[in-house]
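The structure appears below as structure tokens.
The values are calculated or read from the model by the stated rules, or taken from the named source; none is laboratory data. Since the structure is predicted, the reported quantities are computational estimates derived from the model, not experimental observations. Neighbour counts run over all protein chains shown; Cβ positions are idealised from the backbone, glycine included.
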């Protein structure tokens, strides 16, 4: 499949998936309009790179659907002033978007093979660091973070991650809530994190967290 076809598929993703579902941040739309998502998936999966579903990338993992990524980034409101932790770097697609949006980004990936692929794909970004470690542990060495992006479906956000959030920080994730995967925005206030669930929908399960047994991917 030629580059022109991928460009058309990327444009269709923006028009039919992002703009029709409240992804309104022009910086998020611009980033996802220019990043060649097909470069972050195996050759056999490139034709599905822009489909409205998870895309298998090997190692038992899948990239989140573009819509899930777009909606999470939209409510995260990442700016050049932010210090961001990305949990679940995978092959580096969301890290690339954050590299364009954020001031400094630490992306953690617990699968060494995927971490190496992400580091290769992010070679041109001086403001993004790829680290290898358990997802649920985050990366306390670079904490606190003004924004934490959990790039996958989790049963709950562990205290280990919340402890790395700045006092006025925010966290976005897909969380199993009452047995249903929902997109959530959490904000810190008074030493606690309160969540606003703003959309039903999922994301691909992220290893290192306990996913409810009732959910099947």
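Determine whether residue 136 is closer than 16 Å to residue 209 by Cα and assigned to a helix (DSSP H, G or I).
Judged against the criteria, residue 136 is a match.
Looking at region 167-183, which of its residues are assigned to a strand (DSSP E or B) and without any contact (Cβ under 8 Å) to a residue 40 or more places away in the chain?
Those that are assigned to a strand (DSSP E or B) and without any contact (Cβ under 8 Å) to a residue 40 or more places away in the chain: 167, 168, 169, 171, 175, 176, 177, 180, 181, 182.
Residue under question is residue 73, and the condition is that it be closer than 22 Å to residue 136 by Cβ, part of a helix (DSSP H, G or I) and modelled with pLDDT of 95 or more; does it hold?
It is true that residue 73 is closer than 22 Å to residue 136 by Cβ, part of a helix (DSSP H, G or I) and modelled with pLDDT of 95 or more.
List pairs: first residue in region 15-30 and touching a residue at least 12 places away in the same chain (Cβ under 8 Å), second residue outside any helix (DSSP H, G or I) and crowded, with 18+ Cβ neighbours inside 10 Å anywhere in the structure, Cβ distance under 7 angstrom, at least six positions apart or on different chains.
Note: pairs meeting the criteria are 29/23.
Could you tell me which residue of region 37-50 is nearest to residue 123 (Cα to Cα), considering only residues that are without any contact (Cβ under 8 Å) to a residue 40 or more places away in the chain and loosely packed, with under 15 Cβ neighbours inside 10 Å?
My answer is 42.
Yes/no per residue for (1) under 21 Å from residue 54 (Cβ atoms); (2) assigned to a strand (DSSP E or B); (3) touching a residue at least 24 places away in the same chain (Cβ under 8 Å):
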| residue | (1), (2), (3) |
| --- | --- |
| 95 | yes, no, yes |
| 106 | no, yes, yes |
| 129 | no, yes, yes |
| 146 | no, yes, yes |
| 153 | yes, yes, yes |
| 157 | yes, no, yes |
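Here are some residues: 115, 89, 81. Which one is surrounded by fewer than 23 Cβ atoms within 10 Å (Cβ to Cβ), closer than 21 Å to residue 46 by Cα and touching a strand residue (DSSP E or B) at 6+ places or on another chain (Cβ under 8 Å)?
Matching residue, one of 115, 89, 81: 115.
Return yes when residue 2 is modelled with pLDDT under 95, at negative phi and in contact with a strand residue (DSSP E or B) (Cβ under 7 Å, 6 or more places away or on another chain) and no when it is not.
For residue 2, the condition - modelled with pLDDT under 95, at negative phi and in contact with a strand residue (DSSP E or B) (Cβ under 7 Å, 6 or more places away or on another chain) - is not met.
Within region 122-136, track down each residue that is touching a strand residue (DSSP E or B) at 6+ places or on another chain (Cβ under 9 Å) and over 18 Å from residue 205 (Cβ atoms).
Those that are touching a strand residue (DSSP E or B) at 6+ places or on another chain (Cβ under 9 Å) and over 18 Å from residue 205 (Cβ atoms): 122, 125, 127, 128, 129, 130, 131, 132, 133.
Can you tell me which residue within region 57-70, out of those that are within 10 Å of the chain's Cα centre (by Cα) and either free of Cβ contacts under 8 Å to residues at least 40 places away in the same chain or in a helix (DSSP H, G or I) (or both), is surrounded by the most Cβ atoms within 10 Å (Cβ to Cβ)?
In this case the residue turns out to be 68.
Table: residues versus (1) touching a helix residue (DSSP H, G or I) at 6+ places or on another chain (Cβ under 8 Å); (2) at pLDDT below 95; (3) buried (at least 17 other Cβ atoms within 10 Å of the Cβ); (4) closer than 18 Å to residue 102 by Cα.
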site: 135; (1), (2), (3), (4): no, no, yes, no
site: 149; (1), (2), (3), (4): yes, no, yes, yes
site: 161; (1), (2), (3), (4): yes, no, yes, no
site: 168; (1), (2), (3), (4): no, yes, no, yes
site: 177; (1), (2), (3), (4): no, yes, no, no
